[in-house]
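Enquirer: Take a look at this one; I'll ask things after.
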Amino acid sequence: MLDIMDLMIFSMVITYIIKDFHTDQGLAGLIASLTLVASAFGGLIFGFLADRFGRTKSMMASILCYSVGTLLCGFTTGVPTLMIARLIVGLGIGGEWGAGTALLSESWPARHRGKVIAWVQSAFATGYAAAAVVTLLVVPALGWRWAFFVGAAPAVLAFWVRRGTKESEAWTSASERLSPKQSFRRLFAERPGTVVVCLAFTTAAMFGYWGLFTWIPSYLSTPVADGGRGMSLADSTTWIVVMQIGAAVGFVTFGYVADRFGRRTAFLVYFLVAALCIPVFFMLQNQIAMMLFGAVMTLFGTGFYSGFGPTFAELFPTEIRAFAQGFIYNGGRALSALAPAVVGFLADSAGASLAMTGTAVFYLLAAVVVFFFLPETANRKPGLETGTEASAQTTAR
């Protein structure tokens, strides 16, 4: 939850930063994009550390990293220093996901794995909403920098994670500890097709998500004359909280759908419905209807994130699991990192509504990749199988 709060605070205060630093939407979007690129490198670095030294140690280091970066954001004096601080944030946030999902996947049986990870993933919505609430409570009185200072609080959790979380039995029982070079070699030598497919649909889905939801807060608060909805900070915060309730429901329901009907079916349903909802959302004029429909759009446009963890865990062996998960998930983030910048530059020239509506195309593209290429992985056990055995399982399917 708190990592997403740190990530999304930037989106909540982006209009204030644009004004104070005398920049535009395109450059602000570029800062968001660079954060996502950094998260990809964080996934690689901390993913290797998680496979080499343990899941909990890697999680502790990643939490400290993004907390320090968030604190530094509050002290920045211009775009260059803000970019550096956001790069540090991205490194830490990217690193936490791979270690955390590997730990969860290795600790729960296959029949419950999707649901458990879905409940944990639902904290994403809580973090997004928390960023909006922090902005509402802090920014009017103290300024946008204090939103980042509050966001630095997760540093204290690093010590709790290390003290209270045990390593997974699968990791402690694994006999092999690989170097980064060996991890890369095994990942691409044994599973190249799987990596490409997973990276393709993850990138497409994330391009749609980041292109749309990075700019929703700014769109709601931008004056109507400038192409936005002209809402006050209090009204836009209410909207965001309602939409994130939809996201939380989406995260949880995805887990149940995926465990009951399979990962492929769940991904297809969520991607297709999200693609249909986006243009309808921007055509609505009634604010209440738009807010409620926005919750539905967010349910399907965000809930699919719950499927990445169990799906990737079931496709790769223990020795490279955290590395593979971090590489694919954060590689998707890096490749989709252009989305905020692209939408920002398009919004400057064509208007925000049209620019964000175009993100529906990427949800459709993700659905196409899943339909034709993604193998079903439900009920696989991410235990101690070797890469060769895992490859044979995928080939058999």
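Enquirer: Test of understanding: ordering ILE31, ILE117 by Cβ neighbours within 10 Å, fewest first, what list do you get?
Expert: Lowest to highest Cβ neighbour count: ILE31, ILE117.
Enquirer: With contacts defined as alpha carbon pairs under 8 Å and 6 or more residues apart, what's the relative contact order of the chain in percent?
Expert: It comes to 28 percent, rounded to a whole number.
Enquirer: Sticking with this one: Along the charge dipole of the chain, pointing to its positive end and built from +1/-1 on Cβ of Lys, Arg, Asp and Glu, which listed residue (THR70, LEU91, PHE207) has its Cα farthest out?
Expert: Positive-end residue among those listed: LEU91.
Enquirer: Within 14 Å, Cβ to Cβ, of TRP215, how many net charges do the neighbouring residues add up to if Lys/Arg are +1 and Asp/Glu are -1?
Expert: -2
Enquirer: Still on this structure, please answer the following. How far is it, in nm, from the label point at ILE245 to the one at TRP119 when both lie 7 Å from their Cα along the line to the Cβ?
Expert: 2.2 nm
Enquirer: The list (i) 32, 27, 19; (ii) 38, 27, 20; (iii) 33, 24, 18 gives values of semi-axes √(5λ) of the Cα gyration tensor in Å, and only one came from this structure; which label was calculated from it?
Expert: Recomputing semi-axes √(5λ) of the Cα gyration tensor in Å here gives the entry labelled (iii).
Enquirer: So for the pair LEU364, ALA234, with labels modelled 7 Å out along Cα→Cβ, what separation do we get in nm?
Expert: Between LEU364 and ALA234, the simple spin-label model gives 4.1 nm.
Enquirer: Rank PRO375, LEU299, ALA322 by how far each Cα sits towards the positive end of the charge dipole of segment 250-388 (+1 on Lys, Arg Cβ; -1 on Asp, Glu Cβ) and give me just the farthest.
Expert: PRO375
Enquirer: Tell me, in nm to one decimal, what length is gained between LEU27 and ILE288 on full extension, where the rule is 0.36 nm per residue of separation less the Cα-Cα distance?
Expert: Gain on stretching LEU27 to ILE288: 90.8 nm.
Enquirer: Which chymotrypsin sites (Phe, Trp or Tyr not before Pro) in segment 187-238 sit in a loop by DSSP (not H, G, I, E or B) and have at most 16 other Cβ atoms within 10 Å of their own Cβ?
Expert: none
Enquirer: A further question follows. Full-extension gain between LEU276 and VAL79, please, as 0.36 nm times their residue separation minus the C-alpha to C-alpha distance.
Expert: Net length gain for the segment: 67.3 nm.
Enquirer: Expressed as a rounded percentage, what relative contact order does segment 170-280 have, with Cα pairs under 8 Å and six or more residues apart?
Expert: Relative contact order comes out at 10 percent.
Enquirer: If we count other beta carbons within 10 Å of each Cβ, what is the order of CYS65, CYS198, fewest first?
Expert: CYS65, CYS198
Enquirer: Arranged by the count of other C-beta atoms within 10 angstrom, fewest first, what order do MET283, MET356, MET297 take?
Expert: Ordered by Cβ neighbours within 10 Å, fewest first: MET283, MET356, MET297.
Enquirer: Shifting gears a bit: When the chain is treated as a GNM, springs tying every alpha-carbon pair under 10 Å, which of PRO217, PRO310, PRO80 comes out with the largest mean-square fluctuation?
Expert: Per the Cα network of the chain with a 10 Å cutoff, PRO80 tops the list.
Enquirer: OK, next. Quick check for me: using +1 on Lys/Arg Cβ and -1 on Asp/Glu Cβ, what's the dipole size of the chain about its Cα centre, in debye to the nearest 20?
Expert: So the dipole magnitude of the chain works out to roughly 720 debye.
Enquirer: Quick one: compute the contact order of segment 253-325, relative version, from alpha carbon pairs under 8 angstrom and 6+ residues apart, as a percent.
Expert: 36 percent
Enquirer: How far is it, in nm, from the label point at GLU376 to the one at LEU142 when both lie 7 Å from their Cα along the line to the Cβ?
Expert: So the two model labels end up 5.2 nm from each other.
Enquirer: Please name which of ILE17, LEU365, GLY193 has its Cα lying farthest along the dipole of the chain towards the positive end, using unit charges on Cβ (Lys, Arg +1; Asp, Glu -1) and the Cα centre as origin.
Expert: GLY193
Enquirer: For segment 331-370, rounded, prolate or oblate, judged on the Cα gyration tensor with a ≥ b ≥ c (square roots of eigenvalues), a/c < 1.5 rounded, else prolate if a/b > b/c?
Expert: Here segment 331-370 falls in the oblate category.
Enquirer: Within the set of other residues whose C-beta is less than 12 Å from the C-beta of PHE254, count the net charge using Lys and Arg as +1 and Asp and Glu as -1.
Expert: Local charge sum for PHE254: +2.
Enquirer: Helix 192-213 versus the longest principal axis of the chain: what angle, 0 to 90°, nearest 10, using Cα atoms?
Expert: It is inclined by approximately 20 degrees.
Enquirer: Could you tell me whether segment 189-262 comes out rounded, prolate or oblate from its Cα gyration tensor? Rule is a ≥ b ≥ c as square roots of the eigenvalues, rounded for a/c under 1.5, then prolate if a/b exceeds b/c, otherwise oblate.
Expert: The shape class here is oblate.
Enquirer: A follow-up question, please. If Lys and Arg each add +1 and Asp and Glu each add -1, what is the summed charge of the other residues whose beta carbon sits under 11 Å from the beta carbon of TYR66?
Expert: -2
Here, each number is a calculation from the coordinates, and none is a lab measurement. Predicted model, so just to flag it, every value in this text is computed and none were measured. We place every Cβ from the backbone using ideal geometry, glycine too, and count neighbours over all the protein chains shown.
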